[in-house]
1. Picking from Ser57, Ser38, which residue would you name as being among the polar types (S, T, N, Q) and within 16 Å of ligand 2 (Cβ to nearest atom)?
2. Considering only the range 193-208, state which residues are closer than 23 Å to Thr45 by Cβ and touching a residue at least 40 places away in the same chain (Cβ under 8 Å).
3. Do any residues in the range 39-60 that are closer than 21 Å to Ala213 by Cβ and hydroxyl-bearing (Ser, Thr, Tyr) have Cβ atoms under 8 Å from those of residues that are within 9 Å of ligand 1 (Cβ to nearest atom) and open to solvent by less than 30 Å² (accessible area, probe 1.4 Å), where the two are at least six apart or on different chains, and which pairs are they?
4. Answer yes or no as to whether Lys74 is more than 14 Å from ligand 1 (Cβ to nearest atom) and under 25 Å from Asn187 (Cβ atoms).
5. Do we find that Leu46 is assigned to a helix (DSSP H, G or I), among the aliphatic types (A, V, I, L, M) and within 16 Å of ligand 2 (Cβ to nearest atom) in this structure?
6. Which residues, taken from the range 211-230, are assigned to a strand (DSSP E or B), under 16 Å from Leu47 (Cα atoms) and open to solvent by 10 Å² or more (accessible area, probe 1.4 Å)?
7. For residues that are in a helix (DSSP H, G or I) and open to solvent by 40 Å² or more (accessible area, probe 1.4 Å), tally how many sit in the range 61-83.
8. Of all the residues that make up the range 148-201, how many are polar (S, T, N, Q) and within 16 Å of ligand 1 (Cβ to nearest atom)?
Amino acid sequence: MQTAVKTNGLSIGYTEQLLFEDLNLSIPRGEITVFVGSNGCGKSTLLRSIARLLKPSAGSILLEGKDVHKLSSKDVAKKMGILPQSPISPEGLTVLDLVKQGRYPHQSWLKRWTEEDTEKVEAAMEATRISDLRDRTVDTLSGGQRQRAWIAMTLAQDTDIILLDEPTTYLDMTHQIEILDLLFELNEKKNRTVVMVLHDLNLASRYAHNIVAIKDGAVFSQGKPEDIITCELVHAVFGMECQVSKDPLFGTPHCIPFGRGRCIVPELRSHTGA
Ligand SMILES: Nc1ncnc2c1ncn2[C@@H]1O[C@H](COP(=O)(O)OP(=O)(O)O)[C@@H](O)[C@H]1O
Ligand SMILES: [Mg+2]
């Protein structure tokens, strides 16, 4: 396995209190890795620190063997793009201008805007189905449209490594699948390394080659969904009772939560807790 990103004895947090201590995590190159874990466990913090948006208290993050904090931000941005959770765009910015920002790392005083930049921007808007929204200002879009505009910006950056924090939040089911299919295709056809945070364990199991389950500032488990997603893991990581079976279409782990609700088969009522 080749490693795209590696954390080396990484400690990160916000104030005195560290969220992760001495974390050693390897993210395989050319695969889709999904971080899962309960709210507040540190998924965004970890993703942001990999993207060099947070400075570690100790340890380092290696991008292709090089310490990201010793590289320039432009050099990092040419290799790795990030879609943060709830990104904020300047007021009045149009969709087209936002997506064009993705090309920023590829420009310099020697290399101005080229035909290639236009092509990448158009392709990213096409892939996320926002070409028609190009002249709208980002702050007037619906949550889902805005999310797709940000994803387009990240794709326009055209990096080998793509980090996305909850890219499917705000999206209806059709658009969730469309975005995940798109990332899957980028991985399959262009060998992009995708690292994302997802909440839906069933979709995570379908799309991820590698799942990193995070709990209490540590990696609780890491591996193929079919090897690690069990009701014991779901209970330990999320504190939830569930049944894990196979996705009827994909054969991947399919987690069905217990809880209340309308159980319409009397014989099943004792199992469901309804
Ligand atoms: N900018 C910040 N300053 C201080 N604490 C923060 C900040 N961002 C997140 N936290 C805290 O760090 C913990 C992990 O947050 P986060 O990484 O956003 O979790 P997740 O993405 O898994 O829901 C939470 O307790 C959260 O309140
Ligand atoms: Mg988060």
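The values are calculated or read from the model by the stated rules, or taken from the named source; none is laboratory data. Keep in mind that what you see is a predicted model, and the values were worked out from it rather than measured. No Cβ is skipped: glycine too gets one built from the backbone with ideal geometry, and neighbour counts run over all protein chains shown. These area figures cover heavy atoms from the full protein model, side chains too; ligands, DNA and RNA do not enter into them. Shrake-Rupley method; radii C 1.70, N 1.55, O 1.52, S 1.80 Å.
1. Exactly one of Ser57, Ser38 is among the polar types (S, T, N, Q) and within 16 Å of ligand 2 (Cβ to nearest atom), namely Ser38.
2. Thr193, Val194, Val195, Met196, Val197, Leu198, His199, Leu201, Ala204, Tyr207, Ala208
3. From the range 39-60, the pairs are Ser44/Asp165; Ser44/Val197; Thr45/Gly13; Thr45/Leu54.
4. Answer is yes for this residue.
5. Answer is yes for this residue.
6. Lys215, Ala218, Val219, Gln222
7. 7
8. 2
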